[in-house]
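Nothing in this text is a laboratory measurement; each read-out follows from the coordinates by a stated rule. Here the structure is a predicted model, which is why all the values come from computation and not from measurement. Every residue, glycine as well, gets a Cβ built from its backbone with ideal geometry; the counts of neighbours run over all protein chains shown.
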Amino acid sequence: MFMLGLFIGAFGCVLTIQANMGVAPWDTFHIGLQKTFGLTIGIWSQIVGVVVILSSYLLAKIKPTFGMFLNMVCFGSFLDLILWWDIVPQIEGLFERTVMFLMGMMIMGVGIGMYLSPRLGAGPRDSFMLAMNERLGWSIQKVRLIIEVTVLIAGAALGGPVSVGTVLIALLTGPMIQRTIPFWQMVMKKQYALPERVERRAS
């Protein structure tokens, strides 16, 4: 569930990138770094993830977990792999781009909800948000807003894409993730409960 969710989330992210209507603030930053310094978007996602993990530990002694590293390594790798496969073309028409963007945003929300459901550990950026919250005493909402606005400005300054889609992702992805997590948790409970029912019937 965790790995599949990371792959689906990365696929949704690629759809938003190829739609060219704006991406999430962190992706604006990663793309800006890629345009300025080279390497790939996925590698920059991993490098930034390492920096964020170290910052979280220094700020609030949040120790990195296996799930956190797995999230960082796999999401960046899946992102580059899907882009390398070139299975998501860039299209020109506004209607087609809008449809691709909306599909990407929904798929990304579903994927993030899926990989969060097993509770194997938050991603590096979520851990950094918690570290800032603990260190400064600000609300999660305020910390998230400050972090995302900061990386968005930095990404835009480096040449990363900013458009109406960036605002839509910032506003709508959170509620979508919140709705998908209970669904995937229910799916996992049913899967785990099946062997128990079979065992009871056999006895």
Within 14 Å, Cβ to Cβ, of THR166, how many net charges do the neighbouring residues add up to if Lys/Arg are +1 and Asp/Glu are -1? -2
For the chain, what are Rg and Dmax over the alpha carbons, in angstrom? 18.0, 66
Report, in deg cm²/dmol and to the nearest 500, the calculated mean residue ellipticity at 222 nm for the chain, where each DSSP H run with n ≥ 4 adds -39500 (n - 2.57) and the sum is divided by the residue count. -28000 deg cm²/dmol
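Assuming a strict under-30 Å limit between Cα atoms, what lysine pair count do you get for the chain once near-sequence pairs (fewer than 8 apart, same chain) are dropped? Mind showing how you got there, number by number?
Values: LYS35/LYS142; LYS61/LYS142; LYS63/LYS142; LYS63/LYS189.
Here the count comes out as 4.
Under 15 Å from the Cβ of PHE2, count the other residues' Cβ atoms, weight Lys and Arg +1, Asp and Glu -1, and hand me the total.
Taking every Cβ under 15 Å from that of PHE2, the sum is 0.
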Pairs of alpha-carbon atoms within less than 8 angstrom and 6+ residues apart define the contacts here; what relative contact order does region 6-106 have, in percent? 52
Could you work out how far the C-alpha centroid of region 1-42 sits from that of region 52-76, in angstrom? 18
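Using the reciprocal of the averaged 1/r over all distinct C-alpha pairs, how large is the Kirkwood radius of region 54-173 in Å? Intermediate results must be reported in sequence, preceding the final value.
Values: mean 1/r = 0.0607 Å⁻¹.
Hydrodynamic radius (Kirkwood, Cα only) of region 54-173 equals 16.5 Å.
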Hey, if you drop one equal point scatterer on each alpha-carbon of region 1-67 and run the Debye formula without solvent, what base-10 log of I(q)/I(0) do you get at q = 0.18, 0.25 Å⁻¹? -0.82, -1.14
